[in-house]
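Peer 1: Got a structure for you, questions after.
The values are calculated or read from the model by the stated rules, or taken from the named source; none is laboratory data. Quick caveat: nothing in here was measured; it's all calculated off a predicted structure. Cβ: placed from backbone, ideal geometry, glycine included. Neighbour counts: every protein chain shown. What goes into the accessible areas is simple: the full protein's heavy atoms, side chains included, and nothing from ligands, DNA or RNA. Shrake-Rupley method; radii C 1.70, N 1.55, O 1.52, S 1.80 Å.
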Amino acid sequence: MSAANGRTPATRTVVEELLRRIGEGDPERIAGLYAERGDWKLSWPEDEHGRSATPWIRHRSTRADAAAHYRELAAHHRPGGAATAIERVLVDGGDAVVLGEIRQTAAATGREYRARFALHLTVEDGLVTRHHVYEDSLSVARAFEPARPAGNAPGRP
């Protein structure tokens, strides 16, 4: 689609505003850019969704769910320890893909992690209707794993 039809600039504007709000960290303001109903998926194994150490990792479908996601994410990470590097924002009509890397510190373990990600967003009528995240889930999971007793390697009794 061309910029002449008005969709590409609107999509980019919404995505850039979403990223700005995420950086500010106010869950209610972030959620204000999501449609009342939407398609929110994370690329984690289904049996890992909503586990106690990572409750924010699960599918969602409403604006209220979006706000809850950002509240849960903040509650499980150390304040001030986050950084996100956005490398590219690619836009095609109502779709956008954000590529980058997040850096966080797990509150429960104190472990820092880095995770590369791709975020596929769809914008319709100025609101996000699709939020699909593809990330290095292994890095995140490892940061939240409980410490193993010394000498107890994985796969050993």
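Peer 1: Are any residues in region 19-46 surrounded by fewer than 18 Cβ atoms within 10 Å (Cβ to Cβ), among the small types (Gly, Ala, Ser) and not in a loop (DSSP other than H, G, I, E, B), and if so, which ones?
Peer 2: Gly23 - this is the single residue of region 19-46 that is surrounded by fewer than 18 Cβ atoms within 10 Å (Cβ to Cβ), among the small types (Gly, Ala, Ser) and not in a loop (DSSP other than H, G, I, E, B).
Peer 1: Just name the residue that is farthest from Glu16 (Cα to Cα) out of those in region 90-149 that are of a type in the set (S, T, N, Q) and in contact with a strand residue (DSSP E or B) (Cβ under 6 Å, 6 or more places away or on another chain).
Peer 2: Ser139
Every residue, every condition in (1) touching a His at 6+ places or on another chain (Cβ under 6 Å); (2) exposed (fewer than 15 other Cβ atoms within 10 Å of the Cβ); (3) not in a loop (DSSP other than H, G, I, E, B), yes or no:
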position: Leu90; (1), (2), (3): no, yes, yes
position: Val97; (1), (2), (3): yes, no, yes
position: Thr109; (1), (2), (3): no, no, no
position: Tyr113; (1), (2), (3): no, no, yes
position: Phe117; (1), (2), (3): no, no, yes
position: His120; (1), (2), (3): yes, no, yes
position: Arg130; (1), (2), (3): no, no, yes
position: Leu138; (1), (2), (3): no, yes, yes
position: Arg142; (1), (2), (3): no, yes, yes
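Peer 1: So how many residues does region 54-64 have that are under 19 Å from Val140 (Cβ atoms) and open to solvent by 40 Å² or more (accessible area, probe 1.4 Å)?
Peer 2: Total satisfying the criteria: 2.
Peer 1: Answer yes or no as to whether Thr54 is more than 21 Å from Thr129 (Cβ to Cβ), of a type in the set (Val, Ile, Thr) and either at pLDDT 95 or above or outside any helix (DSSP H, G or I) (or both).
Peer 2: Against the criterion (more than 21 Å from Thr129 (Cβ to Cβ), of a type in the set (Val, Ile, Thr) and either at pLDDT 95 or above or outside any helix (DSSP H, G or I) (or both)), Thr54 qualifies.
Peer 1: If you don't mind, another one. Among (1) open to solvent by less than 80 Å² (accessible area, probe 1.4 Å); (2) closer than 22 Å to Ala141 by Cβ; (3) at pLDDT 90 or above, which single condition is Arg78 missing?
Peer 2: (1)
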